[in-house]
1. Does His238 count as crowded, with 19+ Cβ neighbours inside 10 Å, touching a residue at least 12 places away in the same chain (Cβ under 8 Å) and not charged (D, E, K, R)?
2. Could you go through the stretch 383-401 and let me know if any residue there is open to solvent by 20 Å² or more (accessible area, probe 1.4 Å), aromatic (Phe, Trp, Tyr) and at pLDDT 95 or above.
3. Here are some conditions: (1) surrounded by 15 or more Cβ atoms within 10 Å (Cβ to Cβ); (2) out of contact with any His (no Cβ under 6 Å at 6 or more places or on another chain). Pro246 meets all but one. Which one does it not meet?
4. Against the definition (closer than 17 Å to Gly360 by Cβ, surrounded by 16 or more Cβ atoms within 10 Å (Cβ to Cβ), at pLDDT 95 or above and not β-branched (Val, Ile, Thr)), how does Leu310 come out, yes or no?
5. Just for the stretch 317-339: of the residues that are without any contact (Cβ under 8 Å) to a residue 24 or more places away in the chain and part of a helix (DSSP H, G or I), which one is surrounded by the fewest Cβ atoms within 10 Å (Cβ to Cβ)?
6. Name every residue in the stretch 405-433 that is aliphatic (A, V, I, L, M), open to solvent by less than 10 Å² (accessible area, probe 1.4 Å) and not in a loop (DSSP other than H, G, I, E, B), in order of residue number.
7. Quick one: Glu375 ticks every box in (1) touching a residue at least 12 places away in the same chain (Cβ under 8 Å); (2) open to solvent by 30 Å² or more (accessible area, probe 1.4 Å); (3) in a helix (DSSP H, G or I) except a single one, so which number is it?
8. Does Met362 satisfy being outside any loop (DSSP other than H, G, I, E, B), open to solvent by 10 Å² or more (accessible area, probe 1.4 Å) and of a type outside the set (Gly, Ala, Ser)?
Amino acid sequence: MIQPTRVKALNSRPMARGAYVLCWMQASVRGEYNHALEYAIQEANDLRQPVVAYFGLTEDFPEANARHYHFLVEGLREARSALERRGITLVIRKELPPGGAMELARDASLVVVDRGYLPIQKDWREQVAQAVECPVIQVESDVVVPIEEASPKEEYSAATLRPKIHRRLDDYLRPLEESEPAVDSLGLEFESLDIADVSQVLSALDIDQTVRRVPGLTGGTAEAKRRLEEFISNKLDHYNELRNDPTKDYLSGLSPYLHFGQISPLYMALQVMALDSPGKEAYLEELIIRRELSMNFVHYNARFRSLEGLPEWCRKTLMEHESDPREYLYGLEEFESADTHDPYWNAAQKEMVLTGKMHGYMRMYWGKKILEWSESPSEAMRIALCLNNKYELDGRDPNGFTGVAWCLGKHDRPWGERTVFGKIRYMSANGLRRKFDADGYVRKVESLVGASQDSGP
C-alpha cells in the first residue's frame, strides 16, 4: 500500500475510458522500489488494464552534456529490461517530456508521474496536468519522508529539519510491497527510440559532446545495488571516522545513481538500518537528513541559484566584504583548467573533471576557495554552479545547488569575521593538512590523471 501522503492529484479530471494506465517515469528511472510505478500497477490492476511506462529523452535539459546522457541512457536501457520482465513496455521518445506524455495520455485512463523538485520538473508536470483529459497523479518516490510531510516551509538548517524528519521516520521507513501487473503491455505497439547502442544514441543527440563519459563507470540499478552492497560490506563500519579523508575510499559513490533515480533512497536506508554498524547513524544522516534538506531548499526557495536565496545575514556580510582585496583572483577559464596557485584545489578540480565526482570534503574546500578567489560573491556562485553542473554526474541536482549555497553560508551559522568571507565559514590549506595527508591526495589524483592519459581518449 502506498502511503496517501506520497500521492497528490495534479488536476481534477475524471477517470478516462482509456486502454492503459500511463506511468510517466521521468525522475525515478527504475523498475523496482518505485512508488510511482507500484501505484500505477495497483490502479491498472483495479481497472484490469496494462501499464505503459514512458520516458522523454530531451536534448534540452539545462546544462546536461554527453557525460550525463551516457549515464542516463545506460540506466534507461536497464530499466527497460526490468520493466519488460514485469510485463510493462517502456516507450522512449526523443522529445521534450511533456509532449510525449500528452500524446500517450490520449489513450490512457490516467497518468501516474514521479516527482521532481527543480522548477523545470515542476513545470513539465504542470503542463501535462493542465493539458490532458484524464487524471494526473504524482507519487513521491525519491525521498524517504515526503517534502511537505517533513516540513511545510524552508528550514534554516539540518538542526531544525532533523527532529521533524525523525518524528516521521517510523511512518516511512517501511518496505515497499511490489505487485505484478494483471495485464501485460508487451504486445502493444508504440513508436519508441532504440537505445540498445548507447554510443549510437548519444551521437544522434544534439547535445554538448565535449565532456566525455567517465571511463569504467556504469549507470543502472544493478550497478547501484552492487556498489551499495560493497559499501555496506567493506566501508560502512569505518564511514564515520574515515569519510572526510579523501586519500581513503570510504564513501558509497551512489550520488549519481540517486540523482538519476536509478536506486531508491528508501531501499538504501532499509538496507543500512538492518545492520549493527558503527557507521550506520552517520550514513543515514547524510542519506536522509542532509539530502532531504537540499530538496527542502530548492522546493521552497525559488531563488536557490542566486545570492538572493541565501539568508539575510549571509548576503549582508558578503556584500560588506565584496570590495575587499583578493590575494588571488581567477576567472572561469583558469578555474576550469585547474590553473590556480593551490595544488589541493587544482587536484580537486582535476578529480571532478576526470571522474565526474569530487570527494565531499574537498568539494567544500573547492567551493570556499572559489568564493575567496573570485571578483565577487555572485561571480563565485556562478562559476561554482557552472563547473559543478558541467562535470559532476550528480550536478544539476538539489544536492549540488545546496552544496554551493552552503559554501556561501546557507544552512550554516555566522563565524568570526575575516577579509572577503566576512562571517562565512572559512577553510584553509593548513586545515586540510591537519585533517589528512593533503599532499597524498594530490599524488592520488595525479596518478589518476596519468592513468587516464596513458589509456587515451
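1. no
2. Yes: the stretch 383-401 contains one or more residues that are open to solvent by 20 Å² or more (accessible area, probe 1.4 Å), aromatic (Phe, Trp, Tyr) and at pLDDT 95 or above.
3. Every listed condition holds for Pro246 apart from (2).
4. Details: closer than 17 Å to Gly360 by Cβ: no; surrounded by 16 or more Cβ atoms within 10 Å (Cβ to Cβ): yes; at pLDDT 95 or above: yes; not β-branched (Val, Ile, Thr): yes.
No; evaluated as a whole, the condition is false for this residue.
5. Glu333
6. Listed by number, the residues that qualify are Ala405, Leu432.
7. Among (1) touching a residue at least 12 places away in the same chain (Cβ under 8 Å); (2) open to solvent by 30 Å² or more (accessible area, probe 1.4 Å); (3) in a helix (DSSP H, G or I), the lone unmet condition for Glu375 is (3).
8. Working: outside any loop (DSSP other than H, G, I, E, B): yes; open to solvent by 10 Å² or more (accessible area, probe 1.4 Å): no; of a type outside the set (Gly, Ala, Ser): yes.
For Met362, the condition - outside any loop (DSSP other than H, G, I, E, B), open to solvent by 10 Å² or more (accessible area, probe 1.4 Å) and of a type outside the set (Gly, Ala, Ser) - is not met.
The values are calculated or read from the model by the stated rules, or taken from the named source; none is laboratory data. Computed from a predicted structure; not experimentally measured. Neighbour counts run over all protein chains shown; Cβ positions are idealised from the backbone, glycine included. We work out accessible area using only protein heavy atoms, side chains counted, and drop any ligands, DNA or RNA first. Shrake-Rupley method; radii C 1.70, N 1.55, O 1.52, S 1.80 Å.
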